Amino acid sequence: MSFLGIGGNQGAPSGGVNTDKIEMATEQLDMITDVYNRLVESCHTKCISQRYTEGDLNKGESVCIDRCVAKFFEVNKKVGQKLQSLGPGATGGAGGSAFGSI
Amino acid sequence: MSFLGIGGNQGAPSGGVNTDKIEMATEQLDMITDVYNRLVESCHTKCISQRYTEGDLNKGESVCIDRCVAKFFEVNKKVGQKLQSLGPGATGGAGGSAFGSI
Amino acid sequence: MSFLGIGGNQGAPSGGVNTDKIEMATEQLDMITDVYNRLVESCHTKCISQRYTEGDLNKGESVCIDRCVAKFFEVNKKVGQKLQSLGPGATGGAGGSAFGSI
Amino acid sequence: MDFSTLNTAEQAHMSRVIEKKQMQDFMRMYSRLVDRCFNACCNDFTSKALSSKEEQCVLNCTDKFLKHSERVGARFAEQNADMMSSQS
Amino acid sequence: MDFSTLNTAEQAHMSRVIEKKQMQDFMRMYSRLVDRCFNACCNDFTSKALSSKEEQCVLNCTDKFLKHSERVGARFAEQNADMMSSQS
Amino acid sequence: MDFSTLNTAEQAHMSRVIEKKQMQDFMRMYSRLVDRCFNACCNDFTSKALSSKEEQCVLNCTDKFLKHSERVGARFAEQNADMMSSQS
């Protein structure tokens, strides 16, 4: 299993339901849905005219969407590489440090 | 049970808790809360001045809120009718297609 | 247990897991994460230039962040006091009244 | 909403669910309210103290938002009731 | 996504999870769509009725958003597939 | 936060809950970060490739956001601690 370049493979026992794995897969699904929704939102803002004089995508909008998605994945890769280069310690403040005193 | 014109009735067995039904009702509750919160947000943006020189709603704001809610329900109905006219296939891309390869 | 000035203490039985308490603590954790994320977002908008010509926080941005967090807590306190002075009835419309007909 | 298709045990269960949700919703409303009023009223970060003008703005913002939500809620319930009765 | 590391029982379970999620996602998409088209198309509150101009805007907005989402979804799936194959 | 009212078993359980949440929060932070830096840095869609100017912007944006979050987190913890001690 892998999500946008993060994650790895684990062997699966045969038979029975491993609830931890189901939970992980469900979280992955939530994450990918979240990313997809953000992508739809961002590219809509970047590419779609808000005047709505027609219901079809025009040529310019269609091309813009294709490039928007491609560029978004490029940005995703760069941010991922940057985070990995900084190591786990550097990102402690973003998402974790609010719980520092527990 | 019905949510903003979507949904239908099902007979209930007497006694015991049907967890599927509880789950469905809980999801409905989440949805209606989500819609209510969006409505509060949208009509706040449309009707309420951001200067906050007073704590009461003035006459113009009050009337605007009433019309805003009514219009929002009109839009809700139009969008629902449009989605139904297009059929389930047409909306596959919006919310589902990210999982196309599973 | 206490969250941003709301909540109170309860005695804990020794041994065994009280699922209600775990659930409450988990909700608190969700809330505090939500507040932290909103704070990050708000102070980013207020203090950080969107041009990104450098990766470091400059002096002005750093000082702005410190004051932004302090002021946010002040606002949090004022809003909390205002809500308490109005009593539970006054806030029924915000978050609850959508379910009035249940 | 109409929970008449639920039996007594299910309705009791839903009441507990709704009670929890109302607490959660209140907390979220509180958090969004702080956010909203902070964003609308605080734009000067030359000091960390709230000015009296900012404070008044926050109090009015809180007051007005609650009244706004209440009015939206009342209209929302009416519209919802209308829709229900026109369906059945 | 690749669920090949899950066994048969787990895959069956995930299918049910995905089915539920798709219903939820559809409802959320519907709700965001109403929100978006309302915000883009309705700016006149001198009347509570939808003008024909506003109505046309809402219909176009709905149409265009669905086509937009579909195109984004198709490109998203392609990019995701590329990334998967370049990793393995 | 203060979990001193929880017993040992409950604290162990909460540690696992927090661990999971931190993973989730990291993923969400990652996703919001991509979103934010994409929105701030990419405004030219005459090409699908990231220009070197856009790339530098994205790297600075990532860097700055992490430092910003860290500083907000530190101040947040201090303010929270102050509030706790003034209550007890």
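Of the set (1) surrounded by fewer than 21 Cβ atoms within 10 Å (Cβ to Cβ); (2) out of contact with any Lys or Arg (no Cβ under 8 Å at 6 or more places or on another chain); (3) farther than 27 Å from D:Asp82 by Cβ; (4) free of Cβ contacts under 8 Å to residues at least 12 places away in the same chain, all apply to D:Ser4 but (3).
When segment B:49-68 is filtered for residues that are surrounded by 18 or more Cβ atoms within 10 Å (Cβ to Cβ) and over 16 Å from D:Phe38 (Cα atoms), the ones remaining, listed by number, are B:Leu57, B:Glu61, B:Cys64, B:Ile65, B:Asp66, B:Arg67, B:Cys68.
Within segment B:21-68, being at pLDDT below 90 and more than 21 Å from D:Ala74 (Cβ to Cβ) holds for B:Lys21, B:Ile22, B:Glu23, B:Met24, B:Ala25, B:Thr26, B:Glu27, B:Asp30. Which residues, taken from segment A:6-20, are modelled with pLDDT under 50, in a loop (DSSP other than H, G, I, E, B) and within 20 Å of F:Lys21 (Cα to Cα)? Once the filter is applied, which keeps residues that are modelled with pLDDT under 50, in a loop (DSSP other than H, G, I, E, B) and within 20 Å of F:Lys21 (Cα to Cα), segment A:6-20 yields A:Gly7, A:Gly8.
Results for (1) at pLDDT below 90; (2) assigned to a helix (DSSP H, G or I), shown as yes or no for each residue.
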position	(1), (2)
D:Ile18	yes, yes
D:Gln24	yes, yes
D:Asn43	no, no
D:Glu54	no, yes
D:Lys64	no, yes
D:Met83	yes, yes
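Within segment F:49-64, which residues are crowded, with 18+ Cβ neighbours inside 10 Å and facing another protein chain (nearest Cβ under 7 Å)? Answer for segment F:49-64, where residues must be crowded, with 18+ Cβ neighbours inside 10 Å and facing another protein chain (nearest Cβ under 7 Å): F:Leu50, F:Cys57, F:Val58, F:Leu59, F:Asn60, F:Cys61, F:Thr62, F:Asp63, F:Lys64. Please go through (1) surrounded by fewer than 20 Cβ atoms within 10 Å (Cβ to Cβ); (2) within 22 Å of D:Met29 (Cα to Cα); (3) among the small types (Gly, Ala, Ser) for C:Ser42 and return the number of the only condition it doesn't satisfy. So the condition that C:Ser42 fails would be (1). Flag not set for F:Ser31, criterion: surrounded by fewer than 18 Cβ atoms within 10 Å (Cβ to Cβ) and among the small types (Gly, Ala, Ser).
Filter segment E:18-63 for residues that are of a type in the set (Lys, Arg) and farther than 23 Å from A:Asp56 by Cα and give the result.
Just the residues of segment E:18-63 that are of a type in the set (Lys, Arg), to begin with: E:20-21, E:28, E:32, E:36, E:48, E:53.
Hits for segment E:18-63 are E:Lys20, E:Lys21, E:Lys48.
The combined condition, being over 22 Å from C:Met31 (Cβ atoms) and more than 7 Å from every other protein chain (Cβ to nearest Cβ), is fulfilled by F:Asp44. Only residues that are facing another protein chain (nearest Cβ under 7 Å) and within 23 Å of D:Val58 (Cα to Cα) were counted in segment C:49-82, giving 16. Being more than 30 Å from B:Met24 (Cβ to Cβ) and of a type outside the set (Phe, Trp, Tyr) is a description that applies to E:Ser4.
Which of the residues spanning segment A:39-84 are over 19 Å from the mean Cα position of the chain (by Cα) and farther than 21 Å from F:Lys48 by Cβ?
The first filter runs over segment A:39-84 and keeps only residues over 19 Å from the mean Cα position of the chain (by Cα), leaving A:47-64.
A:Gln50, A:Arg51, A:Tyr52, A:Thr53, A:Glu54, A:Gly55, A:Asp56 - these are the residues of segment A:39-84 that are over 19 Å from the mean Cα position of the chain (by Cα) and farther than 21 Å from F:Lys48 by Cβ.
The values are calculated or read from the model by the stated rules, or taken from the named source; none is laboratory data. As the structure is a computational prediction, the values presented were derived from the model and not from experiment. Virtual Cβ from ideal backbone geometry, glycine too; neighbours counted across all protein chains shown.
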